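Q: Sending over a structure as structure tokens; questions will come in a sec.
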Amino acid sequence: MFHNWTSDPEVARYMSWEVHQSEADSRVYLEGTISGYAQPNHYDWGIIFEGTLVGSIGVPRMAEADLSCEAGYCLGRRWWGRGIATEALRALIDFLFGQVGFHRVAAVHDPNNPASGRVMQKAGMTREGMLRQSSLIKGRFVDSVVYSILRDEWEAMQ
């Protein structure tokens, strides 16, 4: 994790987390993730490509009462542009609708990171619009482009 993406400033550029300065930083994150698995609604996994841990994907936010959640993902720079993030996001969407029973899955990206929006589009999501200065990331307010897919749209794609 540390060597493949969390120590890379370019990967962390649009993420809410700071670049990890050491393997210990990544270990702390992993310990928190592992402890989260005690909860039945904790969804956070690694992305494996050709036997190597290359990224992570999961559900950082959910509104269970509304059967709605937000997907998030991150991939090491060496693996960008290969369709890996799209494949992982499709698998997550399939799981969230098919196994968990959500009605709506959303994802957001910084407008300065259009490649992430293309991943969302290729995974079957529809652009809804932009939330202006909706997130405080690394001390500054940033816009968020919102994509989503609804259960009936997902079912039509099956």
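The values are calculated or read from the model by the stated rules, or taken from the named source; none is laboratory data. These numbers were taken from a predicted model, which means no experiment stands behind them. Every residue, glycine as well, gets a Cβ built from its backbone with ideal geometry; the counts of neighbours run over all protein chains shown. All accessible areas refer to the heavy atoms of the entire protein, side chains included, with ligands and DNA or RNA removed. Shrake-Rupley method; radii C 1.70, N 1.55, O 1.52, S 1.80 Å.
Q: Pairs only if they're at least six apart or on different chains, beta carbon under 6 angstrom, first in region 5-22 and over 11 Å from L75 (Cα atoms) and touching a residue at least 12 places away in the same chain (Cβ under 8 Å), second of a type in the set (D, E) and part of a loop (DSSP other than H, G, I, E, B); list them, first residue then second.
A: Y14/D110
Q: Read through the list (1) more than 23 Å from L67 (Cα to Cα); (2) open to solvent by less than 70 Å² (accessible area, probe 1.4 Å), then give the number of the only condition that M125 fails.
A: M125 satisfies every listed condition except (1).
Q: Is it the case that some residue within region 130-143 is surrounded by fewer than 17 Cβ atoms within 10 Å (Cβ to Cβ), at pLDDT 95 or above and under 22 Å from M1 (Cβ atoms)?
A: No, every residue in region 130-143 fails to be surrounded by fewer than 17 Cβ atoms within 10 Å (Cβ to Cβ), at pLDDT 95 or above and under 22 Å from M1 (Cβ atoms).
A quick yes/no check of all residues on (1) open to solvent by 90 Å² or more (accessible area, probe 1.4 Å); (2) among the hydrophobic types (A, V, I, L, M, F, W, C); (3) under 15 Å from the mean Cα position of the chain (by Cα):
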residue: V19; (1), (2), (3): no, yes, no
residue: D25; (1), (2), (3): no, no, no
residue: D44; (1), (2), (3): no, no, yes
residue: I48; (1), (2), (3): yes, yes, yes
